[in-house]
Amino acid sequence: MRIVLVLPHRNQEGLDNFLKEVYDPNSPSYRHFLTVEEFTERFGPSQEDYDSVIQFAKANGLTVVKTSRNRMNLDVTGSVAKIEKALNVTMGLYQHDTENRTFFSPDREPTPDTVQLWHVGGLDNYATPKPAYHKLDASAKSEARSNATTGSGPSASFLGSDMRAAYYVNGNAAATLTGTGQSLGLFEFIGTDLADLTTYYTNVGQTNNVPVTLLSVDTQSTSCVEKSGCDDTEQTIDMTQALGMAPGLSSLVMYIGTGGLSGQTLDDPGILNGMATASPLNAQLSCSWGWRPTDNTTDDVYFQEFAAQGQNFFVAAGDDGKWTKSGFYWPADDPYIVSVGGTDLDTTGAGGAWASETGWEDTGGGIGPDDFTIPSWQVTAAAGCAKCSQTFRNGPDVSANSNFTFYVCADQEACSANNYGGTSFATPMWAAYLALANEQYLANGATSTLGFINPALYAIAEGPNYDIDFHDITSGGNTDGSTVGYDLSTGWGSPNGNNLINDLAPVTAGFTLAASPKVIGIDVGASGSVKITTTISGSFDSAIALSASGEGSDITVGFKPASIAAPGAGHSAMSIAVKTGAAKGKHVITVTASGGGLTQTTTVTLDVKN
């Protein structure tokens with residue numbers, strides 16, 4: 001039997017205070033996130049405590065099979081009898097209370113004699129995880145309302161690239177981010193067959209240029225083929241949606257652990273800790289699975305580490321409508337994650353812009369059944385939401401298309417169009433959208449990522465730019481409905497082009513100046529031309545005047561036009577005329593551009609010949 005011994009944080013009060021400071025825009029610690037090593041030294045278990053647990057395991061006849069660099073997890077194996085003795089439990093077989101099956105479990109909470117543990121993973125198979133997608137059956141398909149008339153895939157189904165076109169590009173030629181330099185992590189309880197990903201891209205005439213890494217954190221195989229009774233639909237959906245939104249990612253990593261096959265124990269501690277200790281860390285993480293843990297706080301140690309290290313964990317809100325205590329929704333109502341609900345999207349055409357959107361009737365959401373205290377960043381939103389709790393965490397936070405409108409390739413079988421839907425599609429899409437925002441944030445000169453984005457998202461949504469940054473979904477949804485502003489079906493709504501990115505990662509208003517060619521040779525008595533280009537950024541909006549200096553006598557420089565009209569992006573032809581008396585050799589001409597209170601310069605080297 002293989003189990004995971006999970007140690008508690010050291011100085012939990014200090015970690016709580018750090019998280020408040022690091023997400024407070026007024027704090028000097030704002031977004032000064034920790035490395036894995038820094039987190040471990042400040043808040044992880046001490047080396048002494050970790051060594052004590054190792055010695056405890058060995059003293060009880062258990063074999064250490066994996067350690068972790070943050071000292072949170074220790075994976076061990078041993079006989080049932082040795083594990084029972086070490087943890088002071090008796091393993092037994094029980095009838096499941098909501099499923100027609102038995103499960104094994106200890107008869108009490110583990111109480112080891114000589115060490116303190118936060119949790120022991122792998123002691124039971126009570127929880128069976130459920131992926132957050134649904135497939136239409138033949139009898140229900142005719143009744144389902146589908147918007148699959150504007151996608152660029154077969155039978156007008158939506159591709160991941162259509163979601164990029166609708167939610168990010170949205171008709172804006174300046175929306176050119178691709179996720180360059182960013183990596184994204186996927187949480188999976190089963191492996192996959194990358195042949196299905198290849199089939200998807202081949203069938204739709206696209207190319208995937210992002211390297212995909214399949215990483216098993218325990219004994220679970222990275223391979224999942226239908227002939228062996230394994231279903232890789234969820235895993236393939238996650239990849240195609242993430243890659244469609246951010247086609248320029250540096251890498252996509254799938255963290256795979258046990259739990260998705262019949263009878264297995266859930267290794268959520270192993271998968272989450274793998275994400276928390278990766279090198280390099282993935283700044284954006286996605287989970288499209290839900291399960292019913294025996295204790296819904298045990299994974300908070302990893303969620304808090306994500307937040308401290310500048311990582312954001314998106315979780316699907318589920319596809320069974322309004323949240324209930326018996327449903328598959330967790331960890332979507334945890335306060336340390338971003339919960340993603342579902343919508344029903346229309347676009348202007350294949351690969352087109354956003355046209356309209358309503359709430360998806362099957363989307364998860366509601367007042368969190370786990371009774372987590374409402375986080376501070378959600379208090380104002382809940383106060384303006386009639387059906388929200390003012391005491392407990394509400395969800396979802398955001399949403400995106402989840403209707404039965406997608407093209408899916410899975411299980412090494414024929415691909416299908418408009419048969420699958422679910423918040424499984426929306427969740428990795430949002431994670432990839434954040435990769436675009438982090439790309440821009442770092443390009444602006446930031447030295448960290450945006451981190452856990454809910455505090456910033458809620459602040460933006462509660463400000464004057466809400467209708468600019470989000471598509472507010474005001475109709476449809478689950479039985480709680482969708483209303484103006486925040487609601488329990490779609491949260492704040494879906495992203496409105498690159499506007500939200502520009503508020504999450506503002507680009508400083510300005511412009512750049514360039515000349516081509518930078519070196520030009522002109523004979524005495526002749527003339528030449530250089531192309532001058534101005535490129536604006538952020539909210540810059542001003543005419544830009546051009547001038548030259550340093551050319552010397554008997555050399556005339558002019559610009560056509562002499563001023564680039566507002567907003568300031570454009571080209572001008574710089575003419576250079578060399579008169580008979582001009583000195584031969586090299587002359588450095590300085591080009592100056594002024595506008596909007598800013599000045600930029602560049603140089604052109606003129607080589608006068610003959």
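Here are the numbers for the structure shown:
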read-out: Hits in the stretch 350-399 (condition: assigned to a strand (DSSP E or B) and buried (at least 16 other Cβ atoms within 10 Å of the Cβ)); value: Trp354, Glu357, Thr358, Gly359, Gly365, Gly366, Ile367, Phe392, Asn394, Gly395, Val398, Ser399
read-out: Residues of the stretch 499-549 classified as within 24 Å of Val604 (Cα to Cα) and acidic (Asp, Glu), total; value: 1
read-out: Residue list for the stretch 279-303, restricted to those being under 15 Å from Leu450 (Cα atoms) and surrounded by fewer than 23 Cβ atoms within 10 Å (Cβ to Cβ); value: Leu281
read-out: Conditions (1) within 22 Å of Ser475 (Cα to Cα); (2) crowded, with 24+ Cβ neighbours inside 10 Å; (3) of a type in the set (D, E, K, R): number failed by Lys322; value: (2)
read-out: Of the criteria (1) farther than 24 Å from Asp467 by Cβ; (2) at pLDDT 95 or above, which one Tyr329 fails; value: (2)
read-out: Criterion: in contact with a Pro (Cβ under 9 Å, 6 or more places away or on another chain) and either of a type outside the set (D, E, K, R) or in a loop (DSSP other than H, G, I, E, B) (or both) - qualifying residue of Gly179, Gly205, Gly171, Gly185; value: Gly179
read-out: Test: residue in the stretch 494-505 that is under 30 Å from Gly395 (Cα atoms) and among the hydroxyl-bearing types (Ser, Thr, Tyr); value: yes
read-out: So Ala276, is it buried (at least 23 other Cβ atoms within 10 Å of the Cβ), of a type in the set (A, V, I, L, M, F, W, C) and either closer than 30 Å to Asn403 by Cα or touching a Leu at 6+ places or on another chain (Cβ under 8 Å) (or both); value: no
read-out: Residue in the stretch 292-303 that is in contact (Cβ under 8 Å) with a residue 24 or more places away in the chain, in the same structural domain as Gly395 (by TED's automatic domain parsing), among the hydrophobic types (A, V, I, L, M, F, W, C) and in contact with a Pro (Cβ under 8 Å, 6 or more places away or on another chain) present; value: yes
read-out: Filter result for the condition that a residue is in contact with a Phe, Trp or Tyr (Cβ under 9 Å, 6 or more places away or on another chain), over 30 Å from Ser542 (Cα atoms), among the hydroxyl-bearing types (Ser, Thr, Tyr) and in the same structural domain as Arg393 (by TED's automatic domain parsing), over Thr490, Thr479; value: Thr490
read-out: Test: Val36 is among the β-branched types (Val, Ile, Thr), out of contact with any Pro (no Cβ under 6 Å at 6 or more places or on another chain), outside the structural domain of Gly263 (by TED's automatic domain parsing) and surrounded by 15 or more Cβ atoms within 10 Å (Cβ to Cβ); value: yes
read-out: Filter result for Gly521 (without any contact (Cβ under 8 Å) to a residue 60 or more places away in the chain and farther than 30 Å from Arg393 by Cα); value: no
read-out: Residue within the stretch 484-499 that is surrounded by 16 or more Cβ atoms within 10 Å (Cβ to Cβ), without any contact (Cβ under 8 Å) to a residue 40 or more places away in the chain and on the phi < 0 side of the Ramachandran plot present; value: yes
read-out: Test: residue in the stretch 20-33 that is in contact (Cβ under 8 Å) with a residue 12 or more places away in the chain, more than 30 Å from Gly263 (Cβ to Cβ), part of a helix (DSSP H, G or I) and not hydrophobic (A, V, I, L, M, F, W, C); value: no
read-out: Of residues in the stretch 99-137 being among the hydroxyl-bearing types (Ser, Thr, Tyr) and more than 19 Å from Met72 (Cα to Cα), the one surrounded by the fewest Cβ atoms within 10 Å (Cβ to Cβ); value: Thr102
read-out: Residue satisfying all of: in the stretch 333-349; modelled with pLDDT of 95 or more and assigned to a loop (DSSP other than H, G, I, E, B); nearest to the chain's Cα centre (by Cα) among these; value: Ile337
read-out: Of all residues in the stretch 466-481 being within 22 Å of the chain's Cα centre (by Cα) and in a loop (DSSP other than H, G, I, E, B), the one that is surrounded by the most Cβ atoms within 10 Å (Cβ to Cβ); value: Ile473
read-out: Of all residues in the stretch 82-109 being in a strand (DSSP E or B) and of a type in the set (Gly, Ala, Ser), the one that is farthest from Gly122 (Cα to Cα); value: Gly92
read-out: From Ser46, Ser79, residue being within 27 Å of Gln304 (Cβ to Cβ), surrounded by fewer than 17 Cβ atoms within 10 Å (Cβ to Cβ) and more than 28 Å from the chain's Cα centre (by Cα); value: Ser46
read-out: Whichever residue in the stretch 240-261 is in contact with a Phe, Trp or Tyr (Cβ under 9 Å, 6 or more places away or on another chain) and of a type in the set (S, T, N, Q) and, among such residues, is nearest to Asn203 (Cα to Cα); value: Thr240
read-out: Extreme residue, farthest from Gly327 (Cα to Cα), among residues of the stretch 61-81 that are aliphatic (A, V, I, L, M) and not in a strand (DSSP E or B); value: Leu62
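A quick yes/no check of all residues on (1) more than 13 Å from the chain's Cα centre (by Cα); (2) assigned by TED's automatic domain parsing to the domain that holds Asp137; (3) within 27 Å of Gly366 (Cβ to Cβ):
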site: Arg393; (1), (2), (3): yes, yes, yes
site: Pro396; (1), (2), (3): yes, yes, yes
site: Asn401; (1), (2), (3): yes, yes, yes
site: Phe404; (1), (2), (3): yes, yes, yes
site: Tyr407; (1), (2), (3): yes, yes, no
site: Ala417; (1), (2), (3): yes, yes, no
site: Ala426; (1), (2), (3): no, yes, yes
site: Leu436; (1), (2), (3): no, yes, no
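Yes/no per residue for (1) of a type in the set (Val, Ile, Thr); (2) at positive phi; (3) touching a Lys or Arg at 6+ places or on another chain (Cβ under 8 Å):
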site	(1), (2), (3)
Asp300	no, no, no
Gly318	no, yes, no
Thr358	yes, no, no
Glu361	no, no, no
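Per-residue answers, yes or no, for (1) in contact (Cβ under 8 Å) with a residue 60 or more places away in the chain; (2) over 19 Å from Met275 (Cβ atoms):
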position: Glu188; (1), (2): yes, no
position: Thr198; (1), (2): no, yes
position: Val210; (1), (2): no, no
position: Val217; (1), (2): no, no
position: Thr233; (1), (2): yes, yes
position: Gln241; (1), (2): yes, no
position: Pro247; (1), (2): yes, yes
position: Gly257; (1), (2): yes, no
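The values are calculated or read from the model by the stated rules, or taken from the named source; none is laboratory data. From a predicted model like this one, the values you see are computed outputs, not experimental measurements. Cβ atoms come from the backbone with ideal geometry, glycine included; neighbour counts cover every protein chain shown.
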